[in-house]
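K.L.:
Here it is, the structure in full.
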Amino acid sequence: MILRDYQTKAVADVAAGWAHHRAQCLVAPTGAGKTVLAQACMAGYAHVLFIAHRRELIRQAATRFRAAMIAPGAPYEASAPVQVASIQTLLAREMRPQADLVILDEIHHYRSDDWSTVLDAYPQARILGLTATPQRSDGRPLGDMCTGLVQAGSYSSLIRDGHLVPCRVFQPADGMGQGELALHPLKAYQQYAAGTRCFAFASRVQACEELCAEFLSAGIPSAVIEANTCIRDRDDALLRFSHGELRVLWNVQALTEGVDIPSAETVLLARKVGHQGLYTQIAGRILRPSPGKTFGTFIDLTGSTLQHGLPDADRIYSLDGVGMRPSAALKLTVCGACGHTYESYRGACPECGFVRPRPEWPGLTFYNQALREVYRGADTEPGHKAAELARLRRVAGERGYGLGWAFREYAKLFGDKPAATMDDKRSEHARLLAVAGQRGYKLGWVAYQYRDTFGVWPRGVGA
């Protein structure tokens, strides 16, 4: 294997960490090559047990590692150097294959009691947990399972080096309420991502089916994949999606892991996501590079990005406290029982245990809000800057504003005003003279307004 620089460093950090930790957690963001890292970490071990929690991941790992598979219908090969199994199969069959390294894929899915039940049989083995999101669904970190933490790359470095694509985000100005969407999903898809291959997420299977039917009526090839979809139908839908025959795949959270389709370009989020890990897994479906793909598009109809930060923003990871968090502050909730203030992603109040009641699903309420694109200041790509300047000029003309307004709004987004042409300067100077004449202002007002817009005095511009 030829490893990328950050992969080489991560494997070396894991190797060095064994001197101080029997169990380590290797955090690899989506696209960092988690399977490659696992394979590199296996080197030098006579017997490896790789444990995954979903059949798709078990099949993928067995193929990649050329390993024996412990699964229904698969022959047991006790002498195989690498065994791949699910934690459920090991528990049910009471099997404990020989291993001096045990790897737990997607370790955030494991409870410590599952972990100890199996791993008590391996007191001398080293334990390596793999994940992109080191936080369980209930918000607990992984410090009860691992004592060492190694990070393989960051979103910013992976994007910089071309291993991931940046993500365009469209979001409402404010977070929506339960069951509320800022825009109808069909209209949002047609306006912001028409024709792209899209993973669409809703809160319930019923909502998926209703919205899928509307997309089909609009001539957009779509399908629903849910937890009870049979393997054959699921694989068929994913294959048709990867070939472009299907454009939109609706699901609740059946497509957050074990799905690798780099050509997917869009996530349509038609549900609230309160958990940072689930949010990151959803966004990861569109960050992998593919020929002709320059960015992913994340259409947020509920305001989850306002709570969790941009999908491709770097995260801070920990084995204690909050397992993962963005650099921006998280949204807070006040407990309705004891008044304690805590992070909104938590399912229950950490002070008194009160769980916010979940109301009966009343269906979805659609608004008609315009979504705003989220920019990255001076680091925004030139093409996006040019497109936004063109839009601001158009809005200024429609509202009767001067060019100065468009330039100031541009500076708020990107940190500096755009370059102006001589035609810009002449037309704006003429407009200012006309306004001054109508309102009885002196020429000094014209000069100061001109300088505020362009940064220079209007010398010779009237020629």
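K.L.:
Please report the orientation-averaged projected area of the range 140-262, defined via the convex hull of its C-alpha atoms, in nm².
P.N.:
Working: hull surface 43.2 nm².
About 10.8 nm², averaged over all directions.
K.L.:
Quick one: angle between helix 443-454 and the longest Cα principal axis of the chain, in degrees between 0 and 90, rounded to 10, please.
P.N.:
Approximately 20 degrees, to the nearest ten.
K.L.:
Charges at C-beta only: +1 for Lys and Arg, -1 for Asp and Glu. How large is the resulting dipole of the chain about its Cα centre, in Debye rounded to 20?
P.N.:
In debye, rounded to 20, the chain gives about 1440.
K.L.:
To continue, here is another question. Below 8 Å, C-alpha to C-alpha, sequence gap of six or more: please give me the relative contact order for the range 25-152 in percent. The partial results should precede the final answer.
P.N.:
On the way: 212 pairs, mean separation 44.5, N = 128.
So the answer I get is 35 percent.
K.L.:
Is the C-alpha gyration tensor of the range 5-153 telling us rounded, prolate or oblate? Criteria: a/c under 1.5 is rounded; beyond that, a/b larger than b/c is prolate, otherwise oblate. Working shown, then result.
P.N.:
Details: a/c = 1.43, a/b = 1.27, b/c = 1.13.
Rounded.
K.L.:
Arrange 150, 435, 27 by Cβ neighbour counts within 10 Å, fewest through most, would you?
P.N.:
Working: 150 24, 435 14, 27 27.
With the fewest neighbours first, 150, 435, 27 line up as 435, 150, 27.
K.L.:
Just name one of 148, 17, 53: the one whose Cα is farthest towards the positive end of the charge dipole of the range 5-153 (beta-carbon charges, Lys/Arg +1, Asp/Glu -1).
P.N.:
53
K.L.:
Okay, next question. If you average the sequence gap of Cα pairs under 8 Å that are 6 or more apart and divide by the length of the chain, what percent do you get for the contact order? Don't jump to the answer; show the numbers that get you there.
P.N.:
Details: 809 pairs, mean separation 69.4, N = 463.
Reported as a whole number, the value is 15 percent.
K.L.:
Could you give the alpha-carbon Rg of the range 152-199 over 2.2 N^0.38 Å, rounded to two decimals?
P.N.:
On the way: Rg = 15.0 Å, N = 48, 2.2 N^0.38 = 9.6 Å.
My calculation over the Cα atoms of the range 152-199 gives 1.56.
K.L.:
Across the range 24-34, in residue order, what do the Karplus-derived ³J(HN,Hα) couplings come to in whole Hz, using 6.51 cos²θ - 1.76 cosθ + 1.60 with θ = phi - 60° and x for Gly and Pro?
P.N.:
Computed from phi, the couplings for the range 24-34 are 10, 10, 9, 9, 10, x, 3, x, 7, x, 4 Hz.
K.L.:
In what order do 261, 107, 51 fall by count of nearby beta-carbon atoms within 10 Å, going from fewest to most? Walk me through the numbers before you get to the answer.
P.N.:
Values: 261 18, 107 25, 51 29.
Least crowded to most crowded, the residues run 261, 107, 51.
K.L.:
Also, quick follow-up: Roughly how tilted is helix 205-217, in degrees to the nearest 10 and between 0 and 90, from the longest Cα axis of the chain?
P.N.:
50 degrees
K.L.:
Oh, and also: With everything on Cα atoms, drop me the angle between helix 403-414 and the longest principal axis of the chain, reported from 0 to 90° to the nearest 10.
P.N.:
20 degrees
K.L.:
Using alpha carbons only, how many angstrom separate the centre of the range 391-414 from the centre of the range 230-287?
P.N.:
Here the two parts' Cα centres lie 37 Å apart.
K.L.:
Out of 99, 63, 118, whose Cα points farthest toward the positive end of the dipole of the range 5-153 (charges: +1 Lys, Arg; -1 Asp, Glu; placed on Cβ)?
P.N.:
Of the listed residues, the answer is 63.
K.L.:
Mind sorting 422, 69, 324 by how few other Cβ atoms lie within 10 Å of their own Cβ, fewest first?
P.N.:
Numbers: 422 8, 69 24, 324 20.
The most exposed by this proxy come first: 422, 324, 69.
K.L.:
Nearest 5 is fine: what % of DSSP beta bridges in the chain come out antiparallel, could you say?
P.N.:
Details: 11 of 58 bridges.
Of all bridge pairs located within the chain, approximately 20 percent are antiparallel.
K.L.:
Another question, then. As an exercise, take the mean of 1/r over every pair of distinct alpha carbons in the chain, invert it, and state the Kirkwood radius in angstroms.
P.N.:
The Cα-based Kirkwood calculation yields 25.1 Å.
K.L.:
Another one. Quick one: which residues, 5 or more positions from residue 297 or on another chain, have an amide H under 5 Å from its amide H? H modelled 1.01 Å from N in the peptide plane, none for Pro or chain starts.
P.N.:
Excluding prolines and chain starts, which carry no amide H, the hits are 168, 266, 267.
K.L.:
Taking 0.36 nm per residue of sequence separation and subtracting the Cα-Cα distance, how much length would be gained by fully extending the chain between residue 231 and residue 447, in nm to one decimal?
P.N.:
Values: separation 216, 0.36 × 216 = 77.76 nm, distance 7.10 nm.
Value of the extension gain: 70.7 nm.
K.L.:
Related question: For residue 456 and residue 187 in the same chain, what is the full-extension length gain: residue separation times 0.36 nm, less their Cα-Cα distance, in nm?
P.N.:
Numbers: separation 269, 0.36 × 269 = 96.84 nm, distance 4.40 nm.
Contour length minus the Cα-Cα distance gives 92.4 nm.
K.L.:
Can you give the charge dipole size of the range 5-153 about its Cα centre, rounded to the nearest 20 debye, using +1 on the beta carbon of Lys and Arg and -1 on the beta carbon of Asp and Glu? Display every interim value, and only then the final one.
P.N.:
On the way: 14 positive and 13 negative charges, 50 e Å.
Using Cβ point charges on Lys, Arg, Asp and Glu, the range 5-153 gives about 240 debye.
K.L.:
In addition: May I ask you to list the residues of the range 362-395 whose amide nitrogen lies under 15 Å from a point 7 Å from Cα along the Cα→beta-carbon direction of residue 421?
P.N.:
386-387, 389-391, 393-394
Every read-out reported here was derived from the displayed coordinates using simple, explicitly stated rules and does not represent laboratory data. Since this is a predicted model, take the numbers as computed values, not measurements. Counting neighbours? That spans all protein chains shown, and the Cβs are built from the backbone with ideal geometry, glycine included.
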